[in-house]
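Notes to accompany the following structure.
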Amino acid sequence: MSQSHSDHPEFLQHHFSDAEQQRESAKLGMWLFLLTEILLFGGLFVFYAIYRSWYPEMFINAHTVLDVTMGTTNTIVLITSSITMALAIRSIQLGRLKQTVWYLVSTFGLAGTFMVVKYFEYAHKFHLGQLPGHFYTFTGIEGTNPHVFFSAYFLMTGLHGIHVFVGMCLILWLIVKTKQGKFSPQYYTHIEMTGLYWHLVDLIWIFLFPLFYLVG
Amino acid sequence: MNKMPETHYLNCKKGIKSWLTTVDHKRIGILYLLSIMFFFFVGGMFAVLLRLELLTPDKLYIDSDMYNQFFTLHGAIMIFLFIIPAIPAILGNFILPIMIGAKDVAFPRLNLASWYIYMVGALFAVFSLVAGGVDTGWTFYTPYSTTTSTSVISITLGAFILGFSSICTGLNFIVTVHKLRSPGMTWFKMPLFVWGMYATALIQVLAAPVLGITLLLLIIERVVGIGIFDPAMGGDPVLYQHFFWFYSHPAVYIMILPGMAIISEMITAHSHKKIFGYKAIAYSSLGIAFASFIVWGHHMFTSGQSELAAMIFSFLTFFVAIPSGIKVFNWVATLYKGSIAFTTPMLYTLAFLFLFSIGGLTGIFLGALSVDIHLHDTYFIVAHFHYVMVGGTVIAFLGGLHHWWPKMWGRMYNETLAKISCGLIFVGFNMTFFTQFIMGAQGMPRRYHLYDEAFRPFHAFSTYGSWVMAVGFCLMAYYLIRSLYNGKPAGNNPWGALTHEWQITSPPPEHNFETIPITDHGPYDYDKVVAKSTLTEN
């Protein structure tokens, strides 16, 4: 034990034999976690699919109240943030710390932009009473049970929004840790894992966008 | 005479704080042992109280509302707080890393986090107990669960949180098995316990998120009324059942697969014979895990799903019998010409084979459409479920607890008392639940507080059986706790078994191995390797 400690880097946990094993384990764990995330959202996608097949007319009518411009803006914002996230990982692999921080800050900023746009969309709908279930008071949509559309809309974009928020917290934490010099080309697992998470969050939005904004 | 090792995982660090902040998989296993056994006791108390109430056809000492709460809490506590986590979180945590020659699980901090998540989930469940109870049954079916005035939210929130604990454990095991096996430990040299845990972990990771979203939808439905499960608002209560059983059917395999995993270990170690059909048992675990995801509709034969769907689900259900049958036949074949030692773990193994076979075969009756229409929602279901879950999983868990007890604590329990207790539980269990098969076939519906006079003798006999079982469990608690103080030191390998955990000291050292072990023989090569038992007869 003691003699092997000398060549153990500081970041290597005692139960792993080398850095490669530790990194591979983290990666597999993260992919499994992403799988559970997909299944979590999967329930909501099933919810969407069933109710859309029951009330197809209503879904087409209801989607017209969503703002396609804002939705498109947000899609572009998120895809761009995926690029900056990927560039952050590339920078840390090359050992460029300052650049890494810069890319992480850009990703954080873009995520923030997404949330601000989302806030305006939500506020508008709250104002008009385009809300789920009992809270639905809007009258301008023809078809059966239009409140179901907004139940699906708020549940799915809401859960997605929570994930964006969690992602922002993680990125903020990465910025601090990178500035403290905790990461290096030898050890950047946390940035890579957050990157994987962030791409999944983007990917879910890429499905949500056409399903809600571009129905019909 | 064996001696206890001077330092081991139990005494290497001292104080309550060292336990609450530990990342050692063995200590986390012990934390789980204490908390899960506490809830087993609580759930068991509800069971005894329920049976007592059912002694007479009329009200004995609790009213119908209270009765509804009792069976709900018995079910919810036993399922979510005891039987789902029991084997993976206690024995899996303790044994699995050692079995594959690892120093710990892949993510030790996540492992500790899973225990804290479990405790938070348990707190929510306990809160619902204090805040007026729940009376929906453990399945929380809508629309009743969204309209009843009892505290459904806190218990479903509890189950939601417990799901995450389960995911953390499962995820940890999958990565550990993939990445942390020691040199020479190939997939087909892994003990079958590890295979069973691996299959269980796959189901945990794939099914629990769906339960999470289902319970979340139920909570949102109840709090803000979004109408997803409410027909008055264009929703569908049957959708809830689909969602629920898509998780909860695989969940019953989360419960039974670990039990089967334990049996594979015990049956070879205590008959000192190479397992018969290693690969068949390993693959059948994966087969069961796969089949578990395509049969959920058999819980809904009477809820108005399409007839075609019901037929397909019924047909697919029979497939589960194939891998289960493969396992049972292989276990029995393993015993053939073995040198069987009738130790307590072996007695539990034999009890399992008998009880699980009854539980499994009655499952075939229920999977058949026309028979199920008659038996649906009767005591026949209750008996079938308990034969599989108690006769299968709990018996296997108790056997495993006795099998690895000397490894966990370094001390032996009193073998005579253990055999008596095993006998009492076996007899009491059959008295309690075999009677319920007969009642159910005659039409006694489940979950009824008051019943027809004609069923009185059956119910009374069933209640007497529950008392015999309770005595067996009390006796077990007594000798197990007593063994911690004055049990005989067990030595490294009391059973003469070949897997890695028996080659290190009992209790194991803090980091399991001085040097990482090299696996040069299969886990059950009793024909090639002879391990000497350290258990001295007297």
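Only the coordinates and a few stated rules stand behind these numbers; no lab work does. The structure presented is a predicted model; accordingly, all values stated were derived computationally and were not measured. Neighbour counts run over all protein chains shown; Cβ positions are idealised from the backbone, glycine included.
Side notes on the structure shown:
- Site pair B:LEU55 and B:GLU415 shows an inter-label distance of 3.9 nm when each label is modelled 7 Å from Cα along Cα→Cβ.
- Using alpha carbons only: equivalent-ellipsoid semi-axes of segment A:136-216, gyration tensor based, whole Å: 39, 12, 7
- Residues B:TYR478 and B:TYR144, FRET efficiency given R0 of 41 Å [Cβ-Cβ distance, rounded to 0.05]: 0.50
- Compared with the alpha-carbon gap, the fully stretched path from A:GLU24 to A:LEU12 is longer by 3.1 nm at 0.36 nm per residue.
- Length available on full extension from B:VAL530 to B:PHE318: 0.36 nm per residue minus the Cα-Cα distance, which gives 72.2 nm.
- Computed [θ] at 222 nm, deg cm²/dmol, chain B (DSSP H ≥ 4; -39,500 (n - 2.57); rounded to nearest 500): -21000 deg cm²/dmol
- Rounded FRET efficiency, nearest 0.05, which uses the C-beta distance separating B:ILE516 from A:SER184 and R0 of 45 Å: 0.95
- Working from Cα pairs under 8 Å separated by at least six residues, relative contact order for segment B:393-538 is 33 percent.
- Within-12-Å neighbourhood charge of A:ILE92 [Cβ basis; K, R +1; D, E -1]: +4
- For the segment A:23-34, counting C-beta atoms of other chains within 10 Å of every residue's C-beta and taking the mean gives 5.
- Summing charges over all other residues whose Cβ lies under 15 Å from the Cβ of B:GLU53, with Lys and Arg as +1 and Asp and Glu as -1, gives +1.
- Euclidean distance between Cα centres, segment B:463-479 to segment A:9-77, Å: 48 Å
- Estimated translational D of the protein assembly as shown in µm²/s (Stokes, Kirkwood radius over Cα pairs; 10 °C; 1.306 mPa s): 57 µm²/s
- Estimated translational D of segment A:15-213 in µm²/s (Stokes, Kirkwood radius over Cα pairs; 10 °C; 1.306 mPa s): 86 µm²/s
- Global geometry of chain B, whether rounded, prolate or oblate, following the gyration tensor of its Cα atoms and the 1.5 cut on a/c: prolate
- Spin-label pair A:VAL46/B:ASP65, simplified geometry with 7 Å Cα→Cβ offset, distance in nm: 3.5 nm
- Close amide-amide hydrogen proximity is noted between B:THR378 and B:ARG446, each under 5 Å apart and 5 or more residues distant or on a separate chain (H modeled in the peptide plane; Pro and chain starts excluded).
- For segment B:152-269, the calculated P(r), taken from all Cα-Cα distances in 5 Å bins from zero up to the bin holding the longest distance, is 2, 11, 17, 18, 15, 11, 9, 7, 5, 3, 2, 1, 0 percent.
- Our summary gives segment A:15-213 a relative contact order of 32 percent, counting only alpha carbon pairs under 8 angstrom and 6 or more residues apart.
- Tilt relative to chain B, helix B:108-130 - C-alpha long axis, 0 to 90 degrees, to 10: 40 degrees
- Rounded to the nearest 0.05, the FRET efficiency derived from the C-beta distance between B:GLN503 and B:TYR336 at R0 = 35 Å is 0.80.
- Legend: mean number of C-beta atoms from other chains within 10 angstrom of residue C-beta atoms, peptide A:155-162, equals 1.
- Each label point was placed 7 Å from the Cα along the Cα-to-Cβ direction; for B:ALA232 and B:ALA368 their separation is 4.3 nm.
- Whole-Hz couplings from phi, Karplus 6.51/-1.76/1.60, listed for segment B:395-402; x for Gly and Pro: 4, 5, 4, 5, x, x, 4, 6
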